[in-house]
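The values are calculated or read from the model by the stated rules, or taken from the named source; none is laboratory data. Every value quoted in this text rests on a predicted model; they were computed, and no experiment measured them. Here the Cβ positions follow ideal geometry from the backbone for every residue, glycine too, while neighbour counts run over all protein chains shown. Just the protein is used for accessible areas: all its heavy atoms, side chains included, with ligands, DNA and RNA removed. Shrake-Rupley method; radii C 1.70, N 1.55, O 1.52, S 1.80 Å.
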Amino acid sequence: MNNKLRTTGLAALCSLGIFWSLPAVAQQRSGNWGESNKLEDAEIVVEKNRVNELPEANRNFEKFRISPIERKPQPVAYKFNDFKLADLSLNLPIRVLTIRQEELAKLYGNYVKLGVGNYGTSYVKGYFHNKRDNQYSYGADVSHVSSLRGPVENSGVSNSGINLSGESFSKDLTFGGKLAYSHDRYNFYGYSPLNETIDKEDIKQRFNRIGTGLYFHNNQSGGPFRLSGGLGFDYFSNYYSARESNIKFDLGTTYALDKSSAIKIDADASFINYKDVNSQNRSYFRLKPVYERTTDNLILTLGATVGYTNDTLKTTRSFNLYPNVRVAYELVDDKFQVFAGVGGDLERVSLFRLTQENPFLNQNVAVADVNKVLDFYGGITGSLSSSFQFAGRAAYQSYRNLYFFNNSPVDSAKFDLVYDNGTTKVISFSGDLTYSQSDRFRMGVKAAINQYTTDLLVKPFHRPTFQGNLYSTYNLNDKINIQADLYYISSTFGQVVRNLNSILPTTVLKETDDIVDLNLKADYRFSDKFSTFVMANNILGQSYQRFVNYPNKGFQVIAGISYLF
């Protein structure tokens with residue numbers, strides 16, 4: 001503030017001094033005003049080529065020299081302050097987000113079906129089984145189907161059975177067993193209707209079958225060695241005191257050499273004691289060692305089959321050796337495969353099984369194992385899409401002891417087992433095609449053609465040339481299930497003897513009709529537990545004979561209810 005006042009005062013004094021000096025100058029000039037305004041004569045010389053040069057000035061660029069400031073290093077002092085946060089006890093609830101597990105559908109382990117139908121038919125089915133269990137599986141099946149009447153007089157039939165089964169599971173081993181019993185009742189109703197002296201006791205036939213078995217396998221083991229085996233016992237008896245007992249066992253081993261090759265050895269044996277009018281012990285053994293190799297598109301099997309039987313038919317060969325060679329090549333991965341091979345086999349035959357195929361067998365029949373001497377075959381398998389699968393096979397086969405059912409010359413209502421004297425040649429074609437649309441709709445067709453060339457037999461008795469089956473299933477919203485089957489079996493031949501009382505009885509060759517059989521089954525579910533069903537057999541009502549002199553039932557229907565629990 002004081003500096004500003006001093007500066008202002010100094011400026012005022014200077015101004016005042018200048019103000020007082022101006023009149024004095026003006027008075028001095030005003031005294032000579034007249035003389036100073038006159039122009040005097042003068043000469044002005046202009047030099048065109050004159051160059052004005054100024055002396056070189058002395059340039060001093062460094063008038064003031066300022067010395068740089070000397071910087072002295074100063075130590076930097078760091079100070080660390082320890083800040084400590086207060087402990088906070090936080091208990092934050094954390095929710096782990098997981099995918100919701102899909103609930104398992106409720107499983108009913110048991111059901112019962114009851115029904116009745118024409119021909120005085122009663123129908124009972126029962127299935128009793130434990131529910132989901134990681135260690136054990138056990139259950140029982142019960143069945144009874146009987147008809148008081150049939151297509152002709154004395155043609156009623158009854159089939160009853162019960163099956164018990166159980167399995168135990170562990171990490172590396174599965175062990176199981178089964179026990180089955182069945183009782184079947186038939187009548188030999190294929191006698192001539194003109195025969196009025198038939199005694200019902202003479203035409204009865206009953207079968208009792210018992211089958212037991214124990215088995216094991218370690219297929220779930222992660223090692224290179226696989227082992228499976230079983231031990232069983234079958235017992236059979238009929239109304240005429242025939243008896244058959246069969247002790248059997250099987251063993252299978254697989255050893256993986258590497259990821260693409262393995263050695264397999266399968267063996268099975270059977271010891272049968274048969275008693276009828278005569279008694280016979282029948283032994284059977286079979287060994288099948290093979291080497292298998294799988295590459296990207298090729299599957300190769302090299303091996304052999306050794307078979308032994310002690311059957312006494314004159315055409316029987318005790319020891320048999322068959323090749324076992326098969327080559328399969330995938331033209332398109334998992335889509336189309338062709339295969340070809342050559343082989344043979346010895347097939348075990350028992351009265352237990354034969355009476356299931358034809359329940360009208362005669363007494364004291366000659367049973368022998370079937371010897372497939374040679375089998376050349378080839379075929380294709382594949383899928384057109386995930387819904388279409390197909391397979392086809394063609395083969396040329398040669399058999400010894402291939403059995404045929406022919407009417408007995410003594411009683412045409414019963415059947416004997418007859419065999420060709422030499423070998424029976426068979427040219428066969430078979431195939432199937434299936435279409436599946438998830439679990440809603442499924443349809444398929446199967447067909448088999450077998451052209452038999454016999455040595456001495458007039459015809460391949462009761463072996464059809466063509467068999468076909470067209471089947472389909474449909475599920476409508478899990479409420480209605482429909483199943484349809486159409487069967488076709490070509491005609492067969494049987495030979496009967498007429499005029500037994502004459503000196504020269506007459507042999508007559510009889511041909512059965514072609515069989516066309518349409519069957520339909522429908523289930524309607526009222527709730528999760530209750531449903532009703534209808535089964536219709538031979539809907540076309542065709543009158544046909546599968547075996548000569550034995551007509552089959554016409555249209556048959558069975559209706560009933562089912563209960564699950």
Notebook entry, point to check: Name the pairs whose Cβ atoms lie under 8 Å apart, with the first residue in the range 415-442 and in contact (Cβ under 8 Å) with a residue 12 or more places away in the chain, the second among the small types (G, A, S) and exposed (fewer than 15 other Cβ atoms within 10 Å of the Cβ), and 6 or more positions between them or separate chains?
Noted result: Y435/S387; S436/S387; Q437/S387
Check: Pick from the range 411-462 the residues that are acidic (D, E) and not in a strand (DSSP E or B): which of them is most open to solvent (accessible area, probe 1.4 Å)?
Finding: D439
Next item on the list: Scan the range 378-387 for residues that are surrounded by fewer than 17 Cβ atoms within 10 Å (Cβ to Cβ), assigned to a strand (DSSP E or B) and not polar (S, T, N, Q) and jot them down.
Entry: G378, I380
Notebook entry, point to check: Residues of the range 220-251 being more than 30 Å from D184 (Cβ to Cβ), not in a strand (DSSP E or B) and not hydroxyl-bearing (S, T, Y), which ones?
Noted result: Q220, G222, G223, P224
Margin query: of a type in the set (A, V, I, L, M, F, W, C), open to solvent by less than 10 Å² (accessible area, probe 1.4 Å), at pLDDT 95 or above and under 30 Å from S283 (Cβ atoms): is that true of F404 in this structure?
Written below: yes
Margin query: Just checking: which of the strands (runs of 3 or more DSSP E) contained wholly in the range 116-190 hold 2 or more residues that are open to solvent by 20 Å² or more (accessible area, probe 1.4 Å) and among the charged types (D, E, K, R)?
Written below: 174-187
Checklist line | Hits in the range 252-284 (condition: over 27 Å from the mean Cα position of the chain (by Cα), part of a strand (DSSP E or B) and surrounded by fewer than 16 Cβ atoms within 10 Å (Cβ to Cβ)) | finding: F271, N273, K275, S279, Q280, N281, S283
Next item on the list: Scan the range 510-527 residue by residue and report those that are over 26 Å from G554 (Cβ atoms) and open to solvent by 60 Å² or more (accessible area, probe 1.4 Å).
Entry: R525, F526
Notebook entry, point to check: If you check L476 against the conditions, is it under 30 Å from the mean Cα position of the chain (by Cα), open to solvent by 30 Å² or more (accessible area, probe 1.4 Å) and either among the hydrophobic types (A, V, I, L, M, F, W, C) or at negative phi (or both)?
Noted result: yes
Item checked: R498 vs. criteria charged (D, E, K, R), open to solvent by 30 Å² or more (accessible area, probe 1.4 Å), in contact with a His (Cβ under 9 Å, 6 or more places away or on another chain) and closer than 20 Å to G190 by Cα -> no
